[in-house]
Amino acid sequence: MPIIKPVYTAVATAPVATGGAISTTVTPAVTRFFATITAGMIGATTTTIPAASFVDDSDTPVVALPTLTATDSANYYINGVIQQSSLFTLTTASLVIASVDITPGVPAVIEISDFSGTTSTITTQPTISAPTVTIIT
């Protein structure tokens with residue numbers, strides 16, 4: 001006895017999401033550290049500014065610089081001009097600049113923005129349609 005196998009052809013539409021709203025709150029915590037470069041900080045290949053040379057926004061001496069996390073963004077300024085981050089290495093002990101072309105007396109600033117306080121919530125749930133399946137044969 002032969003086996004008869006039915007064959008069906010069908011088309012379907014993709015589900016569609018409409019509406020919905022997401023509320024995102026960004027509350028960065030920004031800290032800045034200030035130092036003045038001295039001749040003793042300028043080495044043969046790099047300029048190293050020890051953590052103890054920095055003060056914070058309230059003019060309090062710094063014991064250790066912060067460790068950057070995945071949610072942090074850091075900007076570096078020399079003489080008020082933002083610099084490429086690839087020229088700097090920040091550790092808790094110092095800021096090392098890959099340059100010796102710096103004049104003593106020039107200010108150095110580290111600006112760190114911590115975005116760990118960023119949150120997103122769905123305030124209105126989206127409506128998602130069911131796919132439509134049409135059997136042709």
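Where a number appears in this text, it was derived from the coordinates with a stated rule and is not lab data. Note that this is a predicted model, so its numbers are computed, not measured. Backbone-built Cβ (ideal geometry, glycine too); neighbour counts: all protein chains shown.
Annotations
- Ranked by how many other beta carbons lie within 10 Å on average, peptides 72-83, 117-128 from highest: 72-83, 117-128
- Neighbour-count order for 113, 58, fewest beta carbons within 10 angstrom listed first: 58, 113
- A straight chain from residue 32 to residue 4 at 0.36 nm per residue would run longer than the Cα-Cα distance by 2.3 nm.
- Taking only the Cα atoms of the chain, the ratio Rg/Rh comes out at 1.46, with Rh defined as the Kirkwood radius.
- The relative contact order of segment 28-121 comes to 42 percent, based on Cα pairs under 8 Å that sit 6 or more residues apart.
- Virtual paramagnetic centre 7 Å along Cα→Cβ of residue 120, amide N under 11 Å, in segment 17-35: 22-25
- Given +1 at the Cβ of Lys and Arg, -1 at the Cβ of Asp and Glu and no other charges, the dipole of segment 28-121 around its Cα centre is 160 debye to the nearest 20.
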